[in-house]
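Undergrad: I'd like to ask you about the structure that follows.
Values quoted throughout were computed directly from the atomic coordinates according to the rules given, and no laboratory measurement underlies them. The model shown is predicted, which means the values in this text are computed figures rather than measured ones. In this analysis, Cβ positions are derived from the backbone assuming ideal geometry, glycine residues included, and neighbour counts consider all displayed protein chains.
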Amino acid sequence: SGYSPIEDDEDVYARNRYKETPWCSPIKVKHGNANCRTPQGEYYKNVLGTRCDIRCQKGYELHGPQQLICQSNKRWSGKVLCKQIRCPTLSMPTNGGFKCIDGAYFNSRCEYYCSPGYQLKGDRTVTCMDNKVWSGRPASCVDMEPPRIQCPSVKEKTAEPNKLTARVFWETPEGRDTADGILTDVILKGPSPGSHFSEGDHKIQYTVYDRAENKGTCKFLVKVRVRRCGKLNAPENGYIKCTGDGDNYGVTCEFSCIGGYELQGSPARVCQYNLGWSGTEPTCTPMNINVAVRTAAALLDQFYEKRRLLIVSTPTAANFFYRLQLGMLQPEQCGLDLRHVTVIELVGVFPAQIGRIGVKLLPAALALQLRLLLRIPHYNFSVVVMDKHGMDKERYSFPPTPAQLFALIDTFPLRKEEMKLQAETGQSCT
């Protein structure tokens, strides 16, 4: 009879009823599953009218309709396929790359790396997500490491004799980029090699840039030393004039005295390599005029390169021009001393003739020789102006004013240098 006590009556009935009903082939979804609902119960899940919801496993996506229906032609209403989820292919970073454990498929992890000299910017690791995008930010490789440059060590040099500078050379340092080896610019801050450097320390800096505008710098010092003997001072009642900086190796310092003083010691001293001065320390002592000489030439030699002479000659002390001349000169003694002028008076006619330099009297014979040597008239008033080299510069037959005399003397070659020195030391008659 076909009845089995272990079978449900309704199931037997249903089987008999749908025995001739077309059935669809069983649904097999690779990497997925089908959840089917039938009009006749679970046992008849492939019968006509069965509806199956298709779902894919995690990491897979459905291609086709989400629901299939078993049709009367014994075919399902569509075709489905679960394909593995795949993210877009990652772009290869410039100057770097990446490694993935499972290509670009779901849950694959890719790790970025950079070539030597470049640094990673962004996320080092990204993962392919189920929404077909990569987690994180794709990385890039950027040159963030500064280029390298090595400067020379400290450069030290001593100035040559008579010089306050030294010429210093060095090899220009070359930069090296750790990435692509290309440098765009090299900038020097400070004097270039071969320049003349003054005394002291000078900072030299080189800066290099790469194409990513990273910069590298290096610094070094140029040290220039000047050998010095120490400053010399002008002697009291005298002047000092030095070449160079006044105390550097090789310079010469010359000394002179103001009018009425004579130099004792070395007239010039040189700064030597051992940092000592040559010669002996000079002093200025009051000039001692020797009137006990035999000739007028010997008398004049005492003033050579030391004093200028203003010789006033008169036939008698009562001469009007003579008295007028002395009256004008007496209040101008400062101006005469400032210009290194010594006044010699020749008064009278031989044999009643005398000479005088300040308070010192000249023998009559010496006074006569002086008139004869300089061709000064005996019987007329006369004034003779002589420079420090014994040259006859001007003659007057009447009393010149101090202003005339000073204007004349100030034009003499040596006088210009004297005025400069006197201005520096503050000597004046004001």
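Undergrad: Which far-off residues, 5 or more places away or on another chain, put their amide H under 5 Å from the one on Y60, with H placed in the peptide plane?
TA: Under 5 Å from the amide H of Y60: I85.
Undergrad: By how many degrees, 0 to 90 and rounded to 10, does the Cα axis of helix 320-329 deviate from the longest principal axis of the chain?
TA: Approximately 30 degrees, to the nearest 10.
Undergrad: Check the straight Cα-Cα distances from K79 and name the lysines below 16 Å, setting aside those fewer than 8 residues away within the same chain.
TA: K28, K30
Undergrad: Is the shape of the stretch 302-430 rounded, prolate or oblate, going by the alpha carbon gyration tensor and its root eigenvalues a ≥ b ≥ c, with a/c under 1.5 for rounded and a/b larger than b/c for prolate?
TA: Prolate.
Undergrad: Additional query: Hey, with R₀ at 41 Å, roughly what FRET efficiency would D392 and L164 work out to, going by the Cβ-Cβ distance, to 0.05?
TA: 0.40
Undergrad: I've got another one for you. Scan around F197 for amide H atoms under 5 Å from its own, H built in the peptide plane at 1.01 Å from N, and keep only partners 5 or more places away or cross-chain.
TA: Result for F197 returns A166, R167, V168.
Undergrad: If neighbour count is taken as other Cβ atoms inside 10 Å, put K157, K388 in order from fewest to most.
TA: Ordered from fewest to most neighbouring Cβ atoms within 10 Å, K157, K388 come out as K157, K388.
Undergrad: Here's a follow-up. Which one, [x] -0.27, -0.70, -1.06; [y] -0.62, -0.91, -1.12; [z] -0.46, -0.93, -1.12, gives log10 I(q)/I(0) by the Debye sum over Cα atoms at q = 0.06, 0.10, 0.13 Å⁻¹ as derived from the coordinates shown?
TA: Entry [y].
Undergrad: Explain nothing, just compute: Karplus ³J(HN,Hα) = 6.51 cos²θ - 1.76 cosθ + 1.60, θ = phi - 60°, for every residue of the stretch 87-93 in order, whole Hz, x for Gly and Pro.
TA: Karplus-based 3J(HN,Hα) across the stretch 87-93 equals 8, x, 4, 5, 7, 6, x Hz.
Undergrad: Another question, then. Comparing C36, C87, C271, which has the greatest mean-square fluctuation in the GNM of the chain with Cα pairs linked when under 10 Å apart?
TA: C36
Undergrad: When the helix-only estimate is applied to the chain (DSSP H runs of n ≥ 4, each -39,500 (n - 2.57), divided by the residue count), what is the mean residue ellipticity at 222 nm, nearest 500 deg cm²/dmol?
TA: The helix-only estimate for the chain comes to -4000 deg cm²/dmol at 222 nm.
Undergrad: Taking the beta-carbon count within 10 Å as an exposure proxy, list M92, M328 from fewest neighbours to most.
TA: With the fewest neighbours first, M92, M328 line up as M92, M328.
Undergrad: At 0.36 nm per residue, and after removing the present C-alpha to C-alpha distance, how many nm does the segment from S135 to I354 gain when stretched out fully?
TA: That works out to 66.4 nm of additional length.
Undergrad: So for T89, T50, T125, fewest C-beta neighbours within 10 Å to most, what's the order?
TA: Ascending Cβ contact count within 10 Å gives the list T89, T125, T50.
Undergrad: Moving on to the next point. Output wanted: per-residue J couplings in Hz (rounded whole) for the stretch 198-211, from phi through Karplus 6.51 cos²θ - 1.76 cosθ + 1.60, θ = phi - 60°, x for Gly and Pro.
TA: Working through the residues one at a time gives 7, 4, x, 9, 10, 8, 10, 9, 10, 10, 10, 10, 9, 5 Hz.
Undergrad: Given Q66, P88, G194, which one lies farthest toward the positive end of the charge dipole of the stretch 66-196, if we put +1 on the Cβ of every Lys and Arg and -1 on the Cβ of every Asp and Glu?
TA: With unit charges placed on the Cβ atoms, the residue in question is Q66.
Undergrad: Moving to a separate point now. Could you work out how far helix 413-425 tilts from the main Cα principal axis of the chain, as a 0 to 90 degree angle to the nearest 10?
TA: For helix 413-425, the angle is close to 60 degrees.
Undergrad: Okay, next question. Would you kindly state how much longer the chain becomes between T285 and R375 on full extension, computed as 0.36 nm times their sequence separation minus their alpha carbon distance, in nm to one decimal?
TA: Extra length from T285 to R375 when fully extended: 29.1 nm.
Undergrad: Give me the angle, in degrees from 0 to 90, between the Cα long axis of helix 364-374 and the longest principal axis of the Cα atoms of the chain, rounded to the nearest 10.
TA: With rounding to tens, the tilt is 60 degrees.
Undergrad: Right, something else. A 31 angstrom limit on the alpha carbon distance is what I want to check against. Which of K241/K388; K157/K189; K155/K231; K132/K215 exceed it?
TA: Over 31 Å apart, Cα to Cα: K132/K215.
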